[in-house]
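Heads up: the structure comes next, in structure tokens.
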Amino acid sequence: MTNDEPGSERRRHPRVPVAVKGRFLAPDGSEHECVIRDMSLSGIALLADVDVPAGAHLIVYLDDFGRFEGPVVRAFEGGFAIETALSGPRRERVADRLNAYAKGGGASPDADSRRNFPRYAPQDGGFEEGSVVTLADGRTAPCRIVDMSLGGANVATELRPPLGTRVSIGRMKGRVVRHTPEGFAIEFTDIPERASALSRPFG
């Protein structure tokens, strides 16, 4: 963030330069692109072309990190900073990723990071794990979200619809593109590249 952070906060949560893209959902429902300037375990400094008032509560979706939310605590030229609260395993995962960036490792080189949209497990994406899948003929079945991105999802369910079958999960519509040992993979057909797609529950 900026140098007006209390000294104890700066020491406890060092800022790491992290140049990755993202999008944020403003309180009025509008969505905007942004880029991280730097990040710590207690906050994120974002560069954006829009002004956001102090105190506004934002939902932010960041490539390679997932979903965050928190209030705007400070504005600076070209952007603003939000305060975040992380705990438990999520905090540890973000800390590990920040350490990788601090050491120059950057984003993880695994297959998921090479997809068109980064893919996240429910605990990282901030969405519900349980949902219901609905087929075109109206049949429904409970399912579990294994992981998802803005472009699709992997679900665990007893259903095995043929490839190409039109399905919906929660409010998302798509088609079956792959069968997996646990269920099948869905490619969304009605979702543009937008952050609010991951801020809504799938139930």
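Some observations on this one:
- Percentage relative contact order, region 15-71, counting C-alpha pairs under 8 Å, at least six apart: 33
- The HN-Hα couplings worked out from phi for region 91-96 by the Karplus form 6.51 cos²θ - 1.76 cosθ + 1.60 (θ = phi - 60°) are 4, 5, 5, 5, 4, 4 Hz, whole numbers, x standing for Gly and Pro.
- Each residue was assigned an accessible area with a 1.4 Å probe, and for Glu33 the value is about 130 Å².
- Over region 9-89, equivalent-ellipsoid semi-axes from the Cα gyration tensor in Å: 18, 13, 13
- Spin-label model distance (nm) - Val20 vs Ala85, 7 Å beyond Cα toward Cβ: 2.3
- If you sort Val132, Val155 by accessible surface, 1.4 Å probe, largest first, the order is Val132, Val155.
- When nucleic acids and ligands are ignored and a 1.4 Å probe is applied, His179 ends up with an accessible area of around 90 Å².
The values are calculated or read from the model by the stated rules, or taken from the named source; none is laboratory data. Worth saying up front: this structure is predicted, and the values here are computed from it rather than measured. So basically every Cβ, Gly included, is an ideal-geometry build from the backbone, and we count neighbours across all protein chains shown. Surface areas here come from the heavy atoms of the whole protein model, side chains and all, with no ligands, DNA or RNA. Shrake-Rupley method; radii C 1.70, N 1.55, O 1.52, S 1.80 Å.
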